[in-house]
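Only the coordinates and a few stated rules stand behind these numbers; no lab work does. Just so we're clear, the structure is a prediction, and the values are computed from it rather than from any experiment. Glycine gets a Cβ as well: all are built from the backbone with ideal geometry, and neighbour counts include every protein chain shown.
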Amino acid sequence: MIEQLCYGIISNQSSLKNVNRLAFISIDDATMTAISGFAMTEFEELDDHHLDFNSLLELVQKNNKITKSEKNDVLKFHNLRRNLFSQPEILIVDYVNKYVSLLKVLLAHLYHYRASESEWEEMVEKYRKNLCAN
């Protein structure tokens, strides 16, 4: 999740439209991984009904791990992915920035993972160097 988030941040800094859209997809994938990974390890009562993303998100919210507002924001961004390629580019960059902030909050709530802005910058730079080396 951290790696996906960092690659999403790196991609969002691109000036290429399709790369910014990939950034959004990367952040959405990391968010889905965070929610589903947490739910699968924390809730024994999962059945086939709970395995879709909306149900997992609802379960996490009902167990007070995220607020209703955070759940609604995740759903809004997640649903935006379906129409991502019809959105103006300026909105994509703005959406990614908001989704990045939301994912950092989710990581803190669900996994107690908190990093300062400078720590995030260091991680992003580390992954950027890895991309350039390959």
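For the reader, a short list of remarks on this structure follows.
- In terms of distances greater than 25 angstrom between alpha carbons, the cross-link table entries K17/K98; K68/K98; K65/K129; K17/K71; K68/K104; K104/K126 yield K65/K129; K17/K71.
- With a Förster radius of 41 Å applied to the beta-carbon distance between K62 and K98, the computed FRET efficiency rounds to 0.95.
- Relative to the dominant Cα principal axis of the chain, helix 89-111 is inclined by about 50°.
- Assigned charges on the beta-carbon of Lys, Arg, Asp, Glu; the chain dipole about Cα centre (debye): 460 debye
- Cut-off of 10 Å, at most 12 other beta carbons, DSSP loop: longest stretch of the chain lacking such GluC sites (Glu not before Pro): 46-134
- Farthest positive-ward along the chain dipole, Cα basis, beta-carbon charges - from L110, N97, I25: N97
- Those residues of the stretch 1-22 whose amide nitrogen sits under 17 Å from the label point placed on K126, 7 Å along Cα→Cβ: 1-10
- Size of electric dipole in the stretch 56-134: Cβ of Lys, Arg +1 and of Asp, Glu -1, about Cα centre, debye, nearest 20: 360 debye
- By the Cα gyration tensor, the stretch 2-133 has an equivalent ellipsoid whose semi-axes, rounded to whole angstrom, run 26, 18, 12 from largest to smallest.
- Per residue of the chain, the DSSP helices (runs of n ≥ 4 H) give a summed -39500 (n - 2.57) that works out to -25000 deg cm²/dmol at 222 nm.
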